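To start, the structure under review is shown below, and the notes come after it.
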Amino acid sequence: MAERLEFGSDDLRLPDALRAPLLQHLRDLRRKYLARGWGDRVGFGDRPALIVIDLAKYWLDTSVHIGADLNRVVEQTCHVLAASRMAKIPIFFTSFAHDPADPPSPQNKKLKWQIPDDPGDLFDLDPRLERRPNEKVLRKRYASAFKGTNLHEMLTSLRIDTLIVTGVSTSHCVYATCRDAIDSFGVIVPREAVGERCEIMHEVNLLDIDIDIGDVTPVDEVVAHLLSLAE
């Protein structure tokens with residue numbers, strides 16, 4: 001029996017009877033795409049940067065209606081962060097740019113944010129990330145870390161050619177950021193350092209990223225590459 005993910009929301013997990021056949025089907029799909037010439041490797045390039053997407057209380061605290069148990073994702077992201085700091089590559093974080101004065105968008109009809117008038121520390125980065133003063137925090141209004149921010153300009157000014165993307169959620173903000181990044185940068189997604197509340201959405205979107213956008217790579221391999229830059 002295939003092991004279930006170590007993160008997510010229990011009510012949004014795959015039924016145990018479906019997990020193994022579904023994961024096998026996704027592996028079969030990947031092989032078929034590779035046979036058609038899709039899914040080649042992007043590679044790390046020469047000048048990587050790391051971005052950590054939305055690892056803040058609003059998405060990590062299970063007492064918040066939208067939150068999920070994503071501790072494993074935070075832990076694995078911390079491994080990538082430690083190696084990135086040793087390699088002295090640029091590091092960016094994102095969180096939500098909450099402003100109650102912003103007019104509603106059509107998406108507000110799809111998702112009930114349920115944000116209190118005073119959100120307090122809901123959108124503060126998780127303290128386990130140990131963000132440092134020289135690591136930029138981008139407050140974004142949209143799913144992609146590129147939309148409505150100057151992330152692209154900052155990366156190009158640093159002559160970055162590869163963006164390592166970690167955080168949450170795989171099917172929304174991680175995916176959107178990867179999709180926007182690939183027009184200008186190689187994309188690396190450390191597999192265990194991204195996640196979300198829904199198991200099937202995580203697995204399907206990881207496959208889509210790996211086939212069409214960037215390289216979904218084990219955390220250990222990403223860490224090893226970063227540590228090689230520190231030597």
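If amide H atoms are built 1.01 Å from N in the plane of the peptide, which residues on other chains or at least 5 residues away come under 5 Å of the amide H of residue 92? Residues meeting the criterion, in which the H sits 1.01 Å from N, are 50, 51, 52.
Amide H contacts for residue 167 (H built 1.01 Å from N in the peptide plane; partners 5 or more residues away or on another chain; cut-off under 5 Å): 53, 194, 195. In a reduced charge model with +1 at each Lys and Arg Cβ and -1 at each Asp and Glu Cβ, the chain shows a dipole moment near 480 debye about its Cα centre. Working from Cα pairs under 8 Å separated by at least six residues, relative contact order for the chain is 30 percent. Each Lys or Arg adds one and each Asp or Glu takes one away; over the other residues whose Cβ falls under 12 Å from the Cβ of residue 100, this sums to -4. Legend: residue pairs 110/136; 88/147; 109/136; 57/136; 110/140, Cα-Cα distance threshold 22 Å; pairs beyond threshold, 110/136; 88/147; 109/136.
Electrostatic tally near residue 19: other residues with Cβ closer than 12 Å to its Cβ, Lys and Arg +1, Asp and Glu -1, net -2. By DSSP, the beta bridges lying fully in region 1-143 are antiparallel in about 20 percent of cases.
The dipole here belongs to region 117-198: it is taken about the Cα centre, uses +1 on the Cβ of Lys and Arg and -1 on the Cβ of Asp and Glu, and is about 200 debye. Counting 0.36 nm for each residue step from residue 88 to residue 113 and taking away their Cα separation leaves a gain of 5.4 nm. Whole-percent P(r), the chain, all Cα pairs, 10 Å bins from 0: 7, 33, 37, 20, 4, 0. Translational diffusion of region 105-231 was estimated from the Stokes-Einstein equation, with Rh taken as the Kirkwood radius over Cα pairs; at 37 °C and 0.692 mPa s the coefficient is 203 µm²/s.
Values quoted throughout were computed directly from the atomic coordinates according to the rules given, and no laboratory measurement underlies them. Predicted, not measured: the structure shown is a model, and the values here were computed from it. Backbone-built Cβ (ideal geometry, glycine too); neighbour counts: all protein chains shown.
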